[in-house]
1. Suppose all protein chains stay in the model; what accessible area per residue would a 1.4 Å probe give for the chain, in Å²?
2. Kindly sort S123, S205 by accessible area of their heavy atoms, largest first, with the probe set to 1.4 Å.
3. Of the listed peptides 160-166, 50-56, what is their order by residue-averaged count of other C-beta atoms within 10 Å, with the highest listed first?
4. For region 1-117, take N as its residue count and report Rg(C-alpha) divided by 2.2 N^0.38 Å.
5. Taking a ≥ b ≥ c as the square roots of the Cα gyration tensor eigenvalues, with a/c under 1.5 meaning rounded and otherwise prolate when a/b beats b/c, else oblate, which class fits region 1-43?
6. I want to verify the translational diffusion coefficient of region 146-226 in µm²/s; compute it with Stokes-Einstein, Rh as the Kirkwood radius over Cα pairs, at 37 °C and 0.692 mPa s.
7. Can you work out the Karplus-derived ³J(HN,Hα) for every residue in region 224-238? Use 6.51 cos²θ - 1.76 cosθ + 1.60 with θ = phi - 60°, whole Hz, and x for glycine or proline.
8. Jot down the radius of gyration and Dmax of the chain, Cα atoms only, both in angstrom.
Amino acid sequence: MKYVIIGNGPAAISAVEAIREVDRHGPIVILSQEPYLTYGRVFLPQVINGDCELNDILTRPEPYYERLGFKVRLGQTATSIDRARKRVCVSGGESIAYDKLLIATGASAIVPEIPGTELEGVSVLRTLDDARNIHTWIDDARHAVVLGAGPVGMHSTEILTRNGVRVSMVVSSEHILSTIAPRSATRVFEEKLSTAGVALEFGRSVREIRGERRVREVILDDGRSIACDLVVIGKGVSPNTALVDGIGLTLGEGIRVDSTLRTDDPDIYAAGDVVEGHDIIRKRPRLNAMWPNAVSQGRVAGLNMAGRSAINRGNTNLNTGQFFGIPFAAIGLPQPECPEQSTIRLRDGREYGHLVLSSEQRGARRIVGAVLIGKTDGMGVLESLIRGENDAAPYIDALIESGLSHGVIGAWARAESPDVSQQVSANA
């Protein structure tokens, strides 16, 4: 069996490891558009800061590839897929035959269609080269503009301010982290941003980026100008589906797959950020571009490619991290999306907890979302409950009795309504 994997991120590596559990000798070729072995994107802010380089952030060093017996072709881009001949065409004119193909092309940072994004000093933060570019510009930067206030925007702002750069954040929504947390959960971060001297421009967008060779200002949609010599764009990501356009595979926002991670073609699988998989909370196909999802999808795809039956039940969004020294974790729905859903909230000083509950049939209550700020050690428990699709109350009661649940989770379990949760908060 000959395997070709397009992409060299966590989904690809997880797939290789799974294939080798079943097929120890079948040739595997990985095509990597980047000229580097697979590395952890989570460490890119440290690269900007100058704290680490490529060898420090590799998730699999070169001997690992040799040990598992597969080839990685760095800096080579797949240009097309010939389904009839079962070949992948590569830049330079070569084609590679496959029996089973995995598309793990990931996602790319979204760049707004505004004038000036090509100027020096303007960058997204998605790849090692992006981080290296920002690192070279940061020493002589005085004022930066960050577009977006999601995780990338927050990490970028933190690194910039710690390097003495004044930052203005241009945020199209009405609060930071708006896609993964409610306003009540993010106020503590807005306070941190304010203390760090960050100017927040809510409900605004950038109309144009101006400069000669290097960026010198951005023009907001209301006509105001912000002088700057560095712009970091953090407006989310878009799946890299161009390779499969027009070859007959079903596309939504990403590549559609079944529970085995197989596409419409029985010999082509897809996994990772390029996939529109089943969201276990929303009960529909959805993009959830998260590292843990890519790993689990890659494993299931690899096993099935090698002939062992495996199922991916689905996934949901999961964000964890730390902004300005404050831990943050969010999973599932950030807030209710229908009348059957409600919230329980708790805030005590710098610790914040937020649950989204759904009323199911026969009176069961299921946790479909959670946000923790300041104290996140209970997220593993909550993630298990969310993914388990079970009535939450008995499990939380058991956790309290066993002493494994404490702090905000224990308070949530005792809170039957928002009014009661407010009393818990007051008495904590």
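1. 45 Å²
2. S205, S123
3. 160-166, 50-56
4. So the Cα radius of gyration is 1.19 times the expected 2.2 N^0.38 Å.
5. It comes out oblate by the Cα gyration axes.
6. 249 µm²/s
7. After applying 6.51 cos²θ - 1.76 cosθ + 1.60, I find 6, 10, 10, 5, 6, 10, 7, 10, 10, 9, x, 10, x, 10, 10 Hz.
8. 23.1, 70
The values are calculated or read from the model by the stated rules, or taken from the named source; none is laboratory data. Please read all numbers here as calculations on a predicted model, not as lab measurements. Ideal geometry is used to build each Cβ from the backbone, glycine not excepted, and the neighbour counts take in all protein chains shown. SASA here: full protein model, heavy atoms, side chains in, ligands and nucleic acids out. Shrake-Rupley method; radii C 1.70, N 1.55, O 1.52, S 1.80 Å.
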